[in-house]
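Reviewing the structure listed below.
No lab work stands behind these numbers, since they all come straight from the coordinates. Not measured: the values here are computed from a predicted model. When we count neighbours, we look across all protein chains shown, and the Cβ atoms used for this are built from the backbone with ideal geometry, even at glycine.
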Amino acid sequence: MKKIFPPTTKRIALNTNSATNANIKNNTLRRINIYKNSSDKILSDNIDKLNSEWDIDRIIEVRAASIVLASTIIGLTTNKKYWFMLSGTAGLFLMQHALQGWCPSVPIIRKLGIRTSEEINNEKIVYKMLRDDFSVKSANVEELHSVAEK
């Protein structure tokens, strides 16, 4: 059976130019290479920074919400109904992004180096591996889960 939608974690990368994907990956690898021999403190600081990094979904959601909010307010205060078309268009593109991983701003945002949550998490996992977080051998599910949450 053919799938209608791409996998959630791959949908944006699948809709991004391969050169842009390669550039984002190379930048990530360059950062990891810089910190590969760092102390646990520095690796932890990098993980904390990555926890605060905005991914492309968050940027697109804020952008779409801002357009919907602004165009609705302008439409209501000026009695010009065409402003509501902008709200509808933003909603349509947000839905397209959620389902397919693409909307008109994706190529631009990706070109700026904005990463997906998976790309950010992959860098975090490498730092955790360098920090030796995954050396835990346990049958205790809660303990394993707490290591994964680090």
- Task: Identify all residues within the stretch 98-141 that are assigned to a loop (DSSP other than H, G, I, E, B), crowded, with 17+ Cβ neighbours inside 10 Å and of a type in the set (A, V, I, L, M, F, W, C); write none if there are none.
- Result: Trp102, Cys103, Ile114
- In the stretch 12-50, which residues are over 15 Å from Leu112 (Cβ atoms) and hydroxyl-bearing (Ser, Thr, Tyr)? Ser18, Tyr35, Ser38, Ser39, Ser44
- Reported set for the stretch 1-44 where residues are of a type in the set (Gly, Ala, Ser) and part of a helix (DSSP H, G or I) is Ala13, Ser18, Ala19, Ala22, Ser44
- Message: So if I check each of Ala70, Ala64, which one is farther than 28 Å from Asn27 by Cα, in a helix (DSSP H, G or I) and of a type in the set (A, V, I, L, M)?
- Response: Ala70
- Within the stretch 43-76, the residues that are farther than 17 Å from Gln96 by Cβ and acidic (Asp, Glu) are Asp45, Asp48, Glu53, Asp55
